[in-house]
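Take a look at the structure below.
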Amino acid sequence: MKKKTPMKPHHLAKLHVHKGDTVKIIAGKDRGQTGRVERAFPRLERVIVEGHNIAKRHLKPRGPGQPGGIIEKAMPIHVSNVMVICTECGEPTRIAHDRVPQGADQKVRVRRICKKCGKPIQERSRTTGGE
Ligand SMILES: [Zn+2]
C-alpha cells in the first residue's frame, strides 16, 4: 500500500514552515510536542521534524553487511499538522506574509510575521534544503 503524494509545481511550492524553525505538532501521535524542522519538502507540503513521527522500518536481511532488523526513521509530516513557534513571543502561531523591500538592493522579499505578536519571525537557516 503505497500512496503517491501529488507534487506541487515549483512556483506554487512555498511553505510557511522553513528548515530550522521550531514547530509544534498539532495532529497525529506526536501532537502537543515541539521540535526543530530538519528538512522541508515544499513540493510535497511536508516537513521532517527532528525526532518526531518516527516510523519503524522492518528490513529484511540482504546478505553480509546488511543484517536487516528494525530501523527508526523520521517520516515527513504535512505542514497543516504543524504550527510555527514564533521566535519572538515563543507561542505557536499562524503566519502572515509581508512583502517589504529589504537589504542593500531594496529587493522585495517576503517576511513572515507572527499573527500573535506582529513581529517578524527570525530565519534560522538561509539554505532551503530538501527537494
Ligand atoms: Zn510572536
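Quick notes on this structure:
- Residue ID - nearest to the ligand (Cβ to nearest atom), chosen from residues in the range 71-111 that are hydroxyl-bearing (Ser, Thr, Tyr) and open to solvent by 30 Å² or more (accessible area, probe 1.4 Å): Thr87
- Any hit, the range 50-62, residues being touching a residue at least 12 places away in the same chain (Cβ under 8 Å), surrounded by 12 or more Cβ atoms within 10 Å (Cβ to Cβ) and small (Gly, Ala, Ser): yes
- Condition check for Ala40: within 14 Å of the chain's Cα centre (by Cα) and hydrophobic (A, V, I, L, M, F, W, C): yes
- Assessment of the range 49-60 against the conditions (within 16 Å of the ligand (Cβ to nearest atom) and farther than 27 Å from Gly28 by Cα) yields no matching residue.
- Residue within the range 22-45 that is on the phi > 0 side of the Ramachandran plot and acidic (Asp, Glu) present: yes
- Counted as qualifying within the range 38-102 are the strands (runs of 3 or more DSSP E) with 3 or more residues that are β-branched (Val, Ile, Thr) and closer than 20 Å to His18 by Cα, namely 46-49, 82-85.
- Residues of the range 112-124 that turn out to be more than 13 Å from the ligand (Cβ to nearest atom) and open to solvent by 100 Å² or more (accessible area, probe 1.4 Å), as a count: 1
The values are calculated or read from the model by the stated rules, or taken from the named source; none is laboratory data. Just so it is clear, the structure is predicted and the values come from calculations on it, not from any experiment. In this analysis, Cβ positions are derived from the backbone assuming ideal geometry, glycine residues included, and neighbour counts consider all displayed protein chains. Just so you know, the surface numbers come from the protein's heavy atoms only, side chains and all, with ligands and any DNA or RNA stripped out. Shrake-Rupley method; radii C 1.70, N 1.55, O 1.52, S 1.80 Å.
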